[in-house]
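A.B. asks: Below is a structure I'd like to ask you about.
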Amino acid sequence: MDFHIDTLPNFPHATVEQCIQETGDVFLTLRLLNDTAACPDCGQASGELHQSRPVLIRDLSIFGQATYLKIPRRQFYCRSCQRYFTELLPYVDKGRQYTRRYEEYIYQQVQLTTIEQVSRIEGLTYDRVEGIFNHQYK
């Protein structure tokens with residue numbers, strides 16, 4: 001099978017700029033392709049970037065290795081609302097450190113085994129796994 005690394009994350013409007021492998025972990029640096037974001041209050045598109053800072057988000061493992069996405073969290077200014085807002089990404093819930101699909105995976109694994117086993121296999125604390133499970137159970 002022939003594929004380009006950009007297709008691995010399967011996220012809309014994002015491309016992989018860099019792939020680094022370090023001691024059993026994979027780090028993918030993403031670049032967002034859209035120059036604007038919709039204001040969550042009024043829905044108006046804004047291209048006025050105020051600031052951008054990278055965050056590290058855990059994703060599904062690739063080839064059995066823990067995978068982390070380095071994603072720019074961008075803050076825009078909405079002229080209509082005269083407020084700053086952080087861009088919402090469709091694959092990460094607000095305030096979360098994991099992709100939605102990784103959280104769904106953890107939820108499914110806990111249903112098949114136990115929180116302790118998933119914690120050990122995924123290298124997460126018991127509290128983290130329990131928190132993901134409870135967030136998905138809502």
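The values are calculated or read from the model by the stated rules, or taken from the named source; none is laboratory data. Please read these numbers as outputs of a predicted model, since none were measured by experiment. Don't worry about glycine lacking a Cβ; one is built from the backbone with ideal geometry, like all the others, and counts go over all protein chains shown.
A.B. asks: Which of the following residues is among the hydroxyl-bearing types (Ser, Thr, Tyr) and surrounded by fewer than 14 Cβ atoms within 10 Å (Cβ to Cβ): 61, 46, 80?
C.D. replies: On the way: 61 fails: surrounded by fewer than 14 Cβ atoms within 10 Å (Cβ to Cβ); 46 fails: surrounded by fewer than 14 Cβ atoms within 10 Å (Cβ to Cβ).
Result: 80 is the single residue among 61, 46, 80 that is among the hydroxyl-bearing types (Ser, Thr, Tyr) and surrounded by fewer than 14 Cβ atoms within 10 Å (Cβ to Cβ).
A.B. asks: Does the stretch 123-138 hold any residues that are surrounded by fewer than 18 Cβ atoms within 10 Å (Cβ to Cβ), part of a helix (DSSP H, G or I) and not aromatic (Phe, Trp, Tyr), and which are they?
C.D. replies: Answer for the stretch 123-138, where residues must be surrounded by fewer than 18 Cβ atoms within 10 Å (Cβ to Cβ), part of a helix (DSSP H, G or I) and not aromatic (Phe, Trp, Tyr): 127, 130, 131, 134, 135, 136.
A.B. asks: Do we have residue 36 as surrounded by fewer than 16 Cβ atoms within 10 Å (Cβ to Cβ) and of a type in the set (Val, Ile, Thr) here?
C.D. replies: The answer is yes for residue 36.
A.B. asks: Checking residue 107 against (1) of a type in the set (Ser, Thr, Tyr); (2) over 23 Å from residue 137 (Cα atoms); (3) under 19 Å from the mean Cα position of the chain (by Cα): exactly one of these is not met. Which one?
C.D. replies: Among (1) of a type in the set (Ser, Thr, Tyr); (2) over 23 Å from residue 137 (Cα atoms); (3) under 19 Å from the mean Cα position of the chain (by Cα), residue 107 violates only (2).
A.B. asks: Let me ask something else. So is residue 18 modelled with pLDDT of 95 or more and surrounded by fewer than 16 Cβ atoms within 10 Å (Cβ to Cβ) or not? Don't jump to the end; show me each part of the working.
C.D. replies: Values: modelled with pLDDT of 95 or more: no; surrounded by fewer than 16 Cβ atoms within 10 Å (Cβ to Cβ): yes.
For residue 18, the condition - modelled with pLDDT of 95 or more and surrounded by fewer than 16 Cβ atoms within 10 Å (Cβ to Cβ) - is not met.
A.B. asks: State which residue pairs qualify: first residue under 16 Å from residue 61 (Cβ atoms) and inside the stretch 111-126, second residue in a helix (DSSP H, G or I) in any location, beta carbons under 6 Å apart, and separation of 6 or more residues or different chains.
C.D. replies: 118/109; 118/110; 118/129; 119/126; 119/129
A.B. asks: Can I ask one more? State all residues of the stretch 77-92 that are over 12 Å from residue 53 (Cα atoms) and more than 11 Å from the chain's Cα centre (by Cα); if no residue qualifies, say none.
C.D. replies: As a first pass, look at the stretch 77-92 and keep what is over 12 Å from residue 53 (Cα atoms): 77-85, 88-92.
Those that are over 12 Å from residue 53 (Cα atoms) and more than 11 Å from the chain's Cα centre (by Cα): 77, 78, 79, 80, 81, 82, 83, 84, 85.
A.B. asks: When you look at residue 68, is it within 29 Å of residue 17 (Cβ to Cβ), assigned by TED's automatic domain parsing to the domain that holds residue 25, touching a His at 6+ places or on another chain (Cβ under 8 Å) and modelled with pLDDT of 95 or more, yes or no?
C.D. replies: Working: within 29 Å of residue 17 (Cβ to Cβ): yes; assigned by TED's automatic domain parsing to the domain that holds residue 25: yes; touching a His at 6+ places or on another chain (Cβ under 8 Å): no; modelled with pLDDT of 95 or more: yes.
No, not satisfied.
A.B. asks: Having 1 or more residues that are under 22 Å from residue 25 (Cα atoms), out of contact with any helix residue (DSSP H, G or I) (no Cβ under 9 Å at 6 or more places or on another chain) and of a type outside the set (Val, Ile, Thr) is the bar; report the strands (runs of 3 or more DSSP E) wholly within the stretch 40-121 that clear it. It would help to see each step written out before you state the result.
C.D. replies: Values: elements: 49-62, 65-78, 83-86.
In the stretch 40-121, the matching strands (runs of 3 or more DSSP E) lie at 49-62, 65-78.
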